1. Taking segment 89-106, which residues are at pLDDT 95 or above and aliphatic (A, V, I, L, M)?
2. State all residues of segment 56-85 that are surrounded by fewer than 20 Cβ atoms within 10 Å (Cβ to Cβ), at pLDDT 90 or above and either within 19 Å of VAL126 (Cβ to Cβ) or of a type in the set (Phe, Trp, Tyr) (or both); if no residue qualifies, say none.
3. In segment 17-28, how many residues are farther than 18 Å from GLY125 by Cβ and either assigned by TED's automatic domain parsing to the domain that holds PRO90 or in contact with a helix residue (DSSP H, G or I) (Cβ under 7 Å, 6 or more places away or on another chain) (or both)?
4. Where residues in segment 96-117 are assigned to a helix (DSSP H, G or I) and not hydroxyl-bearing (Ser, Thr, Tyr), which of them is farthest from MET146 (Cα to Cα)?
5. Could you count how many residues in segment 78-120 are within 18 Å of GLY56 (Cβ to Cβ) and in contact with an Asp or Glu (Cβ under 8 Å, 6 or more places away or on another chain)?
6. Can ALA30 be described as crowded, with 19+ Cβ neighbours inside 10 Å, more than 30 Å from ASP134 (Cβ to Cβ) and either in contact with a Cys (Cβ under 9 Å, 6 or more places away or on another chain) or modelled with pLDDT under 95 (or both)?
7. Could you say whether any residue in segment 140-149 is assigned to a loop (DSSP other than H, G, I, E, B), closer than 30 Å to GLY14 by Cα, in contact with a Ser or Thr (Cβ under 9 Å, 6 or more places away or on another chain) and in contact (Cβ under 8 Å) with a residue 12 or more places away in the chain?
8. Quick check: is even one residue across segment 67-78 in contact with a Gly (Cβ under 8 Å, 6 or more places away or on another chain), more than 29 Å from GLY99 (Cβ to Cβ) and either touching a residue at least 12 places away in the same chain (Cβ under 8 Å) or not polar (S, T, N, Q) (or both)?
Amino acid sequence: MNALVLGLWLACSGCAVHMQGIVEAGDAGASIHTPEGRRYRLLLTEESAPLRSVDGHSVELWGQRALGAIRVADYKVGEGPHALQVWVGPLRQMGAQLGVEDRNTGAFYWLDQATQNALYDEAGGVVLVEGFVDGPHTLRVLHYRMLEP
């Protein structure tokens, strides 16, 4: 019996995984809660480190399962707690304007003027914005959050 359990554990340890769920960030780090009710601790790389600040948003993760944790290789952020569309990526300054290079789609979106004014000093950082498209590649931002690198 123990050999069977050990064999199953070894077979699943380090397995490639693709899952969806809600991110919860806390003092002990980030975790994902799946629709099936399971919870996995997230092992974050430099690329996935912003997930520490994506508390309460749905995500899609790709990585490897390792001892009750997921080593995150890539991710997409879905809907947030405000039920609005989400864009995540670095803030880029182009001339006097500011926009976000969305990691979910690879597209660049300009931010509305009020959000540009509020985030101008944060250029280069990673931001999560929630809102809607309000013109050609222009976002009307209703909520935003700077993410930890």
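The values are calculated or read from the model by the stated rules, or taken from the named source; none is laboratory data. None of the values given here were measured: they were computed from a predicted structure. Backbone-built Cβ (ideal geometry, glycine too); neighbour counts: all protein chains shown.
1. Across segment 89-106, the qualifying residues are LEU91, LEU98, VAL100.
2. Once the filter is applied, which keeps residues that are surrounded by fewer than 20 Cβ atoms within 10 Å (Cβ to Cβ), at pLDDT 90 or above and either within 19 Å of VAL126 (Cβ to Cβ) or of a type in the set (Phe, Trp, Tyr) (or both), segment 56-85 yields GLY56, SER58, GLU60, TRP62, ALA73, ASP74, LYS76, GLY78, LEU84, GLN85.
3. Of the residues in that region, 1 qualify.
4. Step one: list which residues in segment 96-117 are assigned to a helix (DSSP H, G or I), which gives 113-117.
Checking which are not hydroxyl-bearing (Ser, Thr, Tyr) leaves us with 113-114, 116-117.
On the way: GLN113: 17, ALA114: 16, GLN116: 13, ASN117: 14 Å.
Result: GLN113.
5. So the first thing to find is which residues in segment 78-120 are within 18 Å of GLY56 (Cβ to Cβ), and the list is 78-88, 104.
Still in the running and in contact with an Asp or Glu (Cβ under 8 Å, 6 or more places away or on another chain): 78, 80, 82, 84-88.
So the count comes out to 8.
6. Details: crowded, with 19+ Cβ neighbours inside 10 Å: yes; more than 30 Å from ASP134 (Cβ to Cβ): yes; either in contact with a Cys (Cβ under 9 Å, 6 or more places away or on another chain) or modelled with pLDDT under 95 (or both): yes.
Yes.
7. From segment 140-149, those assigned to a loop (DSSP other than H, G, I, E, B) are 148-149; that's our starting set.
Add one more test, that the residue is closer than 30 Å to GLY14 by Cα, and what stays is 148-149.
When the remaining residues are screened for being in contact with a Ser or Thr (Cβ under 9 Å, 6 or more places away or on another chain), the result is 148.
Keeping just the survivors that are in contact (Cβ under 8 Å) with a residue 12 or more places away in the chain gives 148.
Yes, some residue in segment 140-149 is assigned to a loop (DSSP other than H, G, I, E, B), closer than 30 Å to GLY14 by Cα, in contact with a Ser or Thr (Cβ under 9 Å, 6 or more places away or on another chain) and in contact (Cβ under 8 Å) with a residue 12 or more places away in the chain.
8. First, pick out the residues of segment 67-78 that are in contact with a Gly (Cβ under 8 Å, 6 or more places away or on another chain): 70-74.
Restricting the remaining residues to those that are more than 29 Å from GLY99 (Cβ to Cβ) gives 70-71.
Now drop any that are not either touching a residue at least 12 places away in the same chain (Cβ under 8 Å) or not polar (S, T, N, Q) (or both), which leaves 70-71.
Checking segment 67-78: at least one residue is in contact with a Gly (Cβ under 8 Å, 6 or more places away or on another chain), more than 29 Å from GLY99 (Cβ to Cβ) and either touching a residue at least 12 places away in the same chain (Cβ under 8 Å) or not polar (S, T, N, Q) (or both).
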